[in-house]
1. Out of segment 958-991, which residues are touching a helix residue (DSSP H, G or I) at 6+ places or on another chain (Cβ under 9 Å) and closer than 16 Å to Ser931 by Cβ?
2. Just the residues that are within 18 Å of Ile69 (Cβ to Cβ) and not acidic (Asp, Glu), please, taken from segment 165-212.
3. Any residue that is under 30 Å from Ala203 (Cα atoms), among the charged types (D, E, K, R) and assigned to a loop (DSSP other than H, G, I, E, B) - is there at least one of those in segment 379-394?
4. Taking segment 385-443, which residues are more than 23 Å from Ser459 (Cα to Cα), surrounded by fewer than 15 Cβ atoms within 10 Å (Cβ to Cβ) and β-branched (Val, Ile, Thr)?
5. Would you say Ile314 is in the same structural domain as Thr365 (by TED's automatic domain parsing), in a strand (DSSP E or B), buried (at least 17 other Cβ atoms within 10 Å of the Cβ) and within 41 Å of the chain's Cα centre (by Cα)?
6. Sort out which residues of segment 906-958 are more than 42 Å from the chain's Cα centre (by Cα) and small (Gly, Ala, Ser), and write them in order of number.
7. Could you say whether any residue in segment 206-213 is among the aliphatic types (A, V, I, L, M), farther than 27 Å from Ser348 by Cα and part of a loop (DSSP other than H, G, I, E, B)?
8. Mind listing whichever residues of segment 104-144 are modelled with pLDDT under 80, surrounded by fewer than 18 Cβ atoms within 10 Å (Cβ to Cβ) and not in a strand (DSSP E or B)?
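The values are calculated or read from the model by the stated rules, or taken from the named source; none is laboratory data. Everything quoted here is computed from the prediction, not taken from an experiment. Here the Cβ positions follow ideal geometry from the backbone for every residue, glycine too, while neighbour counts run over all protein chains shown.
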Amino acid sequence: MKNIIKYILIVVFAFAQIQTFAFNNSSDLWKKVSMKEEVNWLFSNSDKSFFKPDFLVEGNYFSVKSEIIGGECYASTVNANSKKIKYTLKNISGSAITLVGRNSTGNKLQFNFDGINYSTLNPSNSLTDSGIFGAGPYFLASQTIAANAEIVFEVNLASSSSDAIQTKLTITYGSSIGAVSISESNTIENLIESNTIYKTLNAPGSLSKQLNQASYYTLATASGLANVERYKFYDASNNVLSGSLPVKMQNGLIALGTYVNGVLTFGNYTSALNLQYAISNGPCESNKSSYTLTAYTGSVPSSPGTIKGSPASICYGDTFVVENVELAMLASGLGYNAILSNYSWEISYDDGVSWLVPTNTSLTTISGTDPTNFKITFNNLTQKVSVRRKFNPTGAGSLEYSYSNVVSVEVVHNKIDFPFDWDVYYVPMGENFTLPTAITTYPSSVVIRNSGGSIVSNSFIAPNSIGEHNFTYTATPQNPITVSGVVLNCVTTRVIKVVVYDITSCNMTKKRTFATIAKPWTSGLSGVANPNNAVNGNRAQYATITGGVVILGLGTVGIDLYFTKPDGSLFSGAELKGKKVVVKMGEQYSGLKLAGGMSVRGRLTNSGVTAATVTSANATNVGSTFAVKGGVLDLLKGDNVFEYTFTPADGLENGTPVNFNGIRFELSALLSVADLATVFYAFIEEDVLIDSSNNPCNDLTNQIKVTPPTSLQYPSLQKGISIQNVDFPLNPFVEDIFWGNYTEVLNVASGLSSVTFPYYSVDNNYNSYAIFNTTVGVLNKQFINVKLRRDARPGDKVQIVLGTEAINVLNLSLLNLVDYKVKFFKGDTEVGSITLDRFKVLDLGLLGFTGSQKAIISAPVSGVFDRVQLEQWNTVSANLGNQLYVYDIRVNPTSNFPGEVESKKVTALCATDFIKIQKSDFCTDFEVSFSEATFNTNLQLRDELGNPLLDLDGNPIYSISAVTDISNSSLGNPKQVKDNIAYYEVNRLFTEVGNRLLLKIQTKRNGCNYGDPQYLRVRLTNCESAIVNPVIKSGTNY
């Protein structure tokens, strides 16, 4: 824990779980709250300074902790066998454990070493028995280890002078006969503790570079160094410099750019930039050498030629071509240079701030047989691009080059938007549905066509059969668009899907059968720690798979998981054939490692194998190997926890299902960087009909509880409030949660921005919170992905409770939430999205949040979805402080009067008419009653523009601080249900309650309470029978 402030940034970056740190609420300092087991380190160029705490691996009986004495680095002038590792073995079972010696029969501890000179073992003073380890296999001497007692010993590394040396200590607790190794079937617990020691490399030598004044450089690219990510740059005062900082030149002088409050500025121009650089090997850094940059002031071609681009502006998705106008003039002025290899293209997507060298792709085509027809074509262009041509008369590597003129193209996008940006809409069979109104960038005529190409109106009558119906919107500008002198008629299209569903289909639920048997396997120096965590029923815990020499292509490592029936017996392969398998896993994506380092496939036990006898040796792989990649997984960067779904089969695309009763997860990284993976669990998922054998309330009442690993300790105190941080329940709508980011380049800043304590955003506690770091300028796209226990129905609303460091949130006008987006998924398919600024603020008082710097926001959703993802999709978040707190994410039913999206206003109802509520589906019913509100008269509610809200008599509407049910106010069963509308009869006026009356609607699905009660402010009046009450809507499509 020493020097934690000094080293905090790199620790955040390096730890393999993103919730490793939390802010100390009593100060601006960070505090360490956890310790990652089995970490292998990945390093970015931006920071290789290093602080490594003791590593800890825990089982149920023992834990083992290691400490590399003197740090992870050894000098290049010595042998690695001078390094020592200190191990601490501890009995954590809670009671004494008695062991027999190596030559006896019974429970014992077995030690296996890799990369370690076991002859140098040095037991602690309390264990001076020289026979504590015998001849191999090595066993602890016969003894009784008291509860919480520790055994400490040191050992030297084996002789080596390699750049990186990995060691592994495997401690096996189990039984054996005599000195025979403990077999897999007799193993009680297996602990693996790995360490990597690195050589400190020699200083790289002085480096001096001249730079062409017309080119674009960063500190890294200017160096010309291969594997530049291994180098670290400094100024003359030893301050660390990012390799991505730009270098700029003018008039033979040079300057280095820096970012001040997110704005790029350049310092004084000088004749030379005198810097330093060093080479890193893991956490170990060499001595610094000089690194000097100067501007090239020699001769360059004065006539590099000219180019043209056509057209000057295009419609979104059209083609742009850049070609020759005039070739470069020879130095002698006697002719033109016609050597094709002397010409090349450079492109910029940021108005010339930075330049890239293009390659041939489906979107960018470089063609030509000589300089006169040398051109570059941009196909399906969707953003502005600038192009220049480079002319180098003396060939590659020379600084005697110059550039042509720059040509650019403007891209005009007549974008079609829809409310809430939905592409999929859900409509019950036989219902009328109004297709969404298109919103276009430019005034346009919009035509809608069905899948047959016929023009249709915006009125759709759903057929009496389920199915999908596609509609194509075509927007044609009403007037030509003139940009850069070009007259454009940008016609755009967008397709939406309308899904017609059966309202009686809501009586489906998901059945999940979790794997219950874990069998790790390994080769080389890799290993699996805590394998049983993948089958212990705790969604937050995991088995850790460390790469070791797998990353060099010399071995593989993984874990096999098997599925059993309720009676404990293995499923047969035929029983699971064709079933869908879901695996929750995590991996560190470095950007240096190619996708595909993790893979899954089916496993099938041999004939006669039982749950008690299954091992990694008596089962076989079945079906094809599925690389864990594709879709959004290919976008993940940094530390991520996600879900992967597959069906064991021969062939990856629509393959033939195979018999299986287990799966194999394998780690085999493709590049030589340290890697690790985590496996949380695997289950078989099936959609089943709710019947008498399936209690429909189980999904919503059986609590799912989680306990994060002790190495990732969640805080027990947040904002001065005690928080249950072990065995805490998730809110009843949530099955599990995933998290990570899509950041393109990980550096210290983006490492700092990872989501911390993600489970606190979905526990059933409105006082605990997960943290999004929102420091302005952070290049990070972080997310929380919440998986629901049951599909949300059309009309349900997503409800999120947010907080900030200092702002007392009364309405969204105080915040800039456009940088945050909520996406909705059905399976892996995104069905819609909405930015947080389009959510509506609910009454804080309903959850007792008054004055607590929290906001309850919600938005109704028109589709069926089973996942909700909150993400920071932009890189700058203003007005939020440095942190956004996410207290809760859940789904609730919608109950609103027509035209309302929130329940702050008072609605007059006629007591002589029925209270009418729209049923969203066959399985939904309501319990309707009345409650009395207690108001906080110090907090008057306001609309989105900040205007005070008034009731029907012009009196202020206050926040609700408490709600009390009114006895005997239930309206009972509906008098009738007609056309999906339930009619409830009012039996009292409740005049004694006055303006404090609330209509309470508890939604029920399949006979079970669904979501929180919804409260509507109402006033009952004794009016004429001719007055008709409005229908309370429970869905966005009604």
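1. Matches in segment 958-991: Tyr958, Ser959, Ile960, Ser961, Ala962, Val963.
2. Correct list: Ile165, Gln166, Thr167, Lys168, Leu169, Ser194, Asn195, Thr196, Ile197, Tyr198, Lys199, Thr200.
3. No: segment 379-394 contains no residue that is under 30 Å from Ala203 (Cα atoms), among the charged types (D, E, K, R) and assigned to a loop (DSSP other than H, G, I, E, B).
4. Thr394
5. yes
6. Ala908, Ala911, Gly954, listed by residue number.
7. no
8. Residues satisfying the conditions are Ser124, Asn125, Ser126, Leu127, Thr128, Asp129, Ser130, Gly131, Gly134, Ala135, Gly136, Pro137.
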